Amino acid sequence: MPIRRYLTLSIQISVIIPSRNKFPQNLLTLFSLENQTLPPYQYEVILIDDASSDATSTIPELWKFPFRLRLLRLQANLGRPAARNAGIRMAKGKILIFLDAEILVEPGFLESHLLLHQQDNRLLASGVLTMKGAYTQLDPGFNEVQLQEAYTLLKPQPAFHPAYEKFIKTGQGQLLLGREDIKKGVYRQLAVQKVHEALYEDEILQRHGDRLQGFHLPWLISHTGNLSVARTAFQQHGYFEEYSGYGWDDLEFGYRLFRQGYRFAHIRYPFTYHQEHPVSPSVGNEAHTNFYLFQQKYRQISLLVLLLLYIPSPMSFHQVNLVLDEIYRLDAESVGLYLPLIGVMRSMLEAAGYLLRFGQPISHLLTHAGLPPDSVKRADFEAQRSALAASGRWSMLGEALNRLLAL
C-alpha cells in the first residue's frame, strides 16, 4: 500500500480552523497543535484562509509541522460558517474538531475529544465554557479593559517588560510568545478568566456536570471555538447555516443535532486559551440578526425561552432551565390543557425576538402577540394564568410570564 494512502486511512481527526487576518495568532495556534499526545499521523489540520490580507497564506511555505497541514485559500471573504463548510468538504478524519484561529490548546486536547467520540458516535463535545483568555500579543486596537488586564498580567513578570515598554513608546503591536514558549506552556502565565467562565460554572456546570444531566439546553455549549462532532453528523443532518456576520451558526447546528437525539459533553480538561484581540463594534448587531434568523427557522419554545436572557430584567441560565422544565411538566400533567397559555408565551417571546433584532423597545408584548386589551383571547389567557398561579405550583413559569407582561 502506498505511504500516502496509508496515512489517509490513519487519520482519525481533522482540525478545521477558519482564519481571517489572524496572523500571527493563528501561527501560535498551529504551534500548540504540534505538541499533542496523539501521534501526528492520526490527525490533519485544515487552515482556511478566508481571503486574508496578512501573512496567513505563507505559513505552509515558511513553517514545517509534524502533522499534515492543508491550506485552503478562499479568493473572496465568505465568512466563518462558509469557511468551515469548505473545510468539512476537504476533511479526511472521522472526527471533526473546530477551532477558532486564535485558540491555544494544551497537549492532551485532541486525545480528550477522540476518547469521547470512541465511546459515543452520536455526541457533540465542547470545552468553550471553561476556556481561558490569554494575552499573547499587545495590540494597539485593545480597549481600555484589555489594556489594563494585559498590564496587570505583565507587571509582575520582568521578562515581558521590554515588549510592554516598546508597545507604550511606539504604539506598535508586540508579539509576546514564540514557538518554544508555546511548547513550554508559557501562555499559562498570561492567562485570565474569561468574563462568562464563572457564570457558566455556577449556572450550568456545577448544577448539571460535564454531561449536562437535567439541563434542557445542552446545545448551548455548541461553540466552534472548541467543538467536535463526527463527520457523519454533517453528512446526515446538513452543514452550518451560512449566516453573514458574527454568531449563532454553530448554536443552530447544535440545536439541530439536539432535535435529532444527539448527546452533549463538556470537556473541562485540558483547558484551551483564547488569544485576546480587538473586538469589532459590529459584533453585537450581527449576533442579534443571526439569532433572529435562528428563531424564525424553528419557532419552538425550547429555543425561544433563551430570549428570557435578553429582555429587560433578564433571567439567568438556571432560571431559564427551570422555566423550560416547568413547561414540559405542565404540558405532560395537564394533557395539553395549558397549550393555549404556552402558545401565547411563545408568541410574546417571538415578539421580543423581533423587537430585539430591529432595535426597538421590548414592550407591550401581548399586543404584539395579537392579544390587544379587552380581546377574548386576552381574557382566556388571563384566566389560565390565574389558574396557574392559584395552583401554588409552576412558580418559575409564573415568574417568566410576569416579567414578560411587565415590559
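Since every read-out is calculated from the coordinates, none of them should be taken as a lab result. Computed from a predicted model, the values in this text were never measured in an experiment. Ideal geometry is used to build each Cβ from the backbone, glycine not excepted, and the neighbour counts take in all protein chains shown.
The phi-based Karplus calculation (6.51 cos²θ - 1.76 cosθ + 1.60; θ = phi - 60°) puts the 3J(HN,Hα) values of the range 59-68 at 4, x, 6, 9, 10, 10, 10, x, 9, 7 Hz, whole numbers, x for Gly and Pro.
Between residue 10 and residue 260, the FRET efficiency estimated from the beta carbon spacing at R0 = 30 angstrom works out to 0.55. Let me test this: with uniform point scatterers at the alpha carbons of the chain, what is the Debye-based log₁₀ I(q)/I(0) at q = 0.12 1/Å? Scattering profile of the chain, log10 relative to I(0): -1.01. By the count of other C-beta atoms within 10 Å, a proxy for reagent exposure, 181, 325 are ordered fewest to most as 325, 181. If R0 equals 30 Å, the separation of the Cβ atoms of residue 269 and residue 318 corresponds to a calculated FRET efficiency of about 0.80. Between residue 73 and residue 236, the simple label model (points 7 Å from Cα in the Cβ direction) yields a spacing of 3.8 nm. Rounded to the nearest 500, the helix-only mean residue ellipticity at 222 nm of the chain stands at -13000 deg cm²/dmol, with each DSSP H run of n ≥ 4 adding -39,500 (n - 2.57). Amide H contacts under 5 Å for residue 263: 123, 124, restricted to partners 5 or more places along the chain or on a different chain, H placed in the peptide plane at 1.01 Å from N. Once the chain from residue 297 to residue 328 is taken as fully extended at 0.36 nm per residue, the excess over their C-alpha distance is 9.0 nm.
When you count the other C-beta atoms within 10 angstrom of each residue and take the mean per peptide, 228-234, 144-150, 43-49, 297-303 line up highest first as 43-49, 228-234, 297-303, 144-150.
Under a model in which nothing but the beta-carbon of Lys, Arg (+1) and Asp, Glu (-1) is charged, the range 81-134 shows a dipole of about 280 debye around its Cα centre. Shown in residue order for the range 320-334 are the 3J(HN,Hα) couplings computed by the Karplus curve 6.51 cos²θ - 1.76 cosθ + 1.60 at θ = phi - 60°: 4, 4, 5, 4, 5, 4, 5, 4, 4, 5, 4, 5, 5, 6, 8 Hz (x for Gly and Pro). A simple charge model with +1 on the Cβ of Lys and Arg, -1 on the Cβ of Asp and Glu and nothing else charged puts the dipole of the range 349-407 at about 100 debye relative to its Cα centre. Could you compute the net charge surrounding residue 65? Neighbours are other residues with a C-beta less than 12 Å from the C-beta of residue 65; K and R count +1, D and E count -1. Surrounding charge for residue 65 is +2. Given +1 at the Cβ of Lys and Arg, -1 at the Cβ of Asp and Glu and no other charges, the dipole of the chain around its Cα centre is 1060 debye to the nearest 20.
Footprinting exposure proxy ranking of 90, 396, 315, 348, fewest other C-beta atoms within 10 angstrom first, gives 90, 396, 315, 348. Using alpha carbons only, the radius of gyration of the range 299-405 set against its Kirkwood radius gives Rg/Rh = 0.94. Among 27, 96, 45, whose Cα sits farthest toward the positive end of the charge dipole of the range 1-101 (+1 at Cβ of Lys/Arg, -1 at Cβ of Asp/Glu, about the Cα centre)? Going by the charge dipole, the pick is 96. For the chain, the share of DSSP beta bridges that are antiparallel, to the nearest 5, is 40%.
Under a Cβ-Cβ cut-off of 12 Å, what is the net charge of the residues other than residue 241 that fall near it, where Lys and Arg count +1 and Asp and Glu count -1? Here the charged neighbours net out to 0.
Protection proxy ranking, highest mean first, for peptides 260-266, 352-358: 352-358, 260-266, where packing is the per-residue count of other beta-carbon atoms within 10 Å, averaged. First check a/c for the range 81-136, with a ≥ b ≥ c the square roots of the eigenvalues of its C-alpha gyration tensor; if it is under 1.5, answer rounded, and if not, answer prolate when a/b is larger than b/c or oblate otherwise. Cα axes put the range 81-136 in the oblate bin. For the residue pairs 155/194; 132/155; 22/297; 92/297; 94/183, the C-alpha atoms sit more than 22 angstrom apart in 22/297; 92/297; 94/183. Projected onto its three principal axes, the C-alpha set of the range 1-124 covers 40, 31, 29 Å, listed from the longest axis down.
Here each label is just a point 7 Å from Cα along the line to Cβ, and for residue 376 and residue 118 those points are 6.5 nm apart.
Once the Cβ-Cβ distance of residue 37 and residue 211 is raised to the sixth power relative to R0 = 25 Å, the FRET efficiency obtained is 0.65.
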